[in-house]
Ligand code: PMP
């Protein structure tokens, strides 16, 4: 059998998605989803869908949706690519910008999908380790065809200094994809760099701030030549009709997105303060999750004890860089109070 499968695919471990249980009593804080409802306009558009349109293929280049995104960011539709989640956007960047003998760079730790995507395409991986304070210093003569720069970073939840990002992209010979999945939860972002520098693309997703992980819609903004290259190689109809329509109305309703983000940012502050009272180390999050070092009890022990109480957070296992930390998605205030109460009970020796 094995000679039927590409060697690089045989060597791969297999994608392990975050746990997605459906039981009602679970507090799910493990995959950085948004606990609030998306724009009410999404409900309206779904009720208005004329099902006869579903027998036809959708617009292959998503023009109406791209117009809404271009309007939001003050650019032209030619600067906007939309994909089936930002995961597809990232995969297409490797296919469009990295030759077979090229390489993909990224910081370590950052989004765990980047090395998997590089392996799928059989291209070299060139990770750059973040330092102890999760900052970065590029090695002398560092080069790669494409660099994934996660900003704010995941799983650490921190932002980098924007001037350092700009000088990095100016001096870098390849394409820089700034992955801004969590940018709406931060005060600043790098969207302007995508329109000023010809080697920069900024990727966003509707999975987090827009409460729409279920529709799978990600997009990116960059110069026309790079975006045009991505359009040449995408699947014919990569974004389905319902997703295009839902995403369009959600993007036009910035107020709902911003109100949900504000609620999460407020809850984030409350949870961080409480965890610090427990004696935990909590990073200055600019995302919808917290990067927590549970001093005293240890990450694995706390993760397992919370799981027994039906509270699921993310533990990254035995990787030396991340094994002392938990990544905790910020849910609703009541969910987070359950998480805090359970944590306190565990710390006090309760089961
Ligand atoms: N980038 C980062 C940094 C992420 O954490 C995620 C979500 N896990 C994604 C991209 C993918 O988002 P999407 O749901 O749009 O595929």
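The values are calculated or read from the model by the stated rules, or taken from the named source; none is laboratory data. Just so it is clear, the structure is predicted and the values come from calculations on it, not from any experiment. Methodologically, a virtual Cβ is constructed for each residue, glycine included, from the backbone with ideal geometry; neighbour enumeration extends over all protein chains shown.
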Quiz item: If you check every pair at least six apart or on different chains, which have Cβ atoms under 7 Å apart with a residue in region 107-122 that is over 15 Å from residue 149 (Cα atoms) and in contact (Cβ under 8 Å) with a residue 60 or more places away in the chain first and a residue that is within 13 Å of the ligand (Cβ to nearest atom) and assigned to a loop (DSSP other than H, G, I, E, B) second?
Solution: 116/15
Self-check item: Flag if residue 69 is modelled with pLDDT under 95 and away from the ligand (no atom under 12 Å from the Cβ)
Solution: no
Quiz item: Can you name the residue in region 39-66 that is surrounded by fewer than 13 Cβ atoms within 10 Å (Cβ to Cβ) and in a loop (DSSP other than H, G, I, E, B) and, of all such residues, is nearest to the ligand (Cβ to nearest atom)?
Solution: 57
Quiz item: Only one of (1) closer than 21 Å to residue 111 by Cβ; (2) in contact with a strand residue (DSSP E or B) (Cβ under 7 Å, 6 or more places away or on another chain); (3) in a helix (DSSP H, G or I) is not met by residue 219, so which one is it?
Solution: (3)
Self-check item: Residues that are more than 15 Å from the ligand (Cβ to nearest atom) and assigned to a helix (DSSP H, G or I), drawn from region 72-86
Solution: 72, 73, 77, 78, 79
Quiz item: Is it the case that some residue within region 112-124 is away from the ligand (no atom under 16 Å from the Cβ), outside any loop (DSSP other than H, G, I, E, B) and touching a strand residue (DSSP E or B) at 6+ places or on another chain (Cβ under 9 Å)?
Solution: yes
Quiz item: Does region 175-190 include one or more residues that are farther than 30 Å from residue 259 by Cα and not assigned by TED's automatic domain parsing to the domain that holds residue 323?
Solution: yes
Quiz item: Does region 11-30 contain any residue that is in contact with a strand residue (DSSP E or B) (Cβ under 7 Å, 6 or more places away or on another chain), assigned by TED's automatic domain parsing to the domain that holds residue 338, surrounded by 10 or more Cβ atoms within 10 Å (Cβ to Cβ) and not in a loop (DSSP other than H, G, I, E, B)?
Solution: yes
Quiz item: Are any residues in region 172-221 more than 15 Å from the ligand (Cβ to nearest atom), touching a residue at least 40 places away in the same chain (Cβ under 8 Å) and closer than 30 Å to residue 332 by Cα, and if so, which ones?
Solution: 187, 191
Quiz prompt | Qualifying positions in region 87-111 - outside any loop (DSSP other than H, G, I, E, B), within 12 Å of the ligand (Cβ to nearest atom) and either over 18 Å from the mean Cα position of the chain (by Cα) or farther than 17 Å from residue 174 by Cβ (or both) | solution = 87, 88
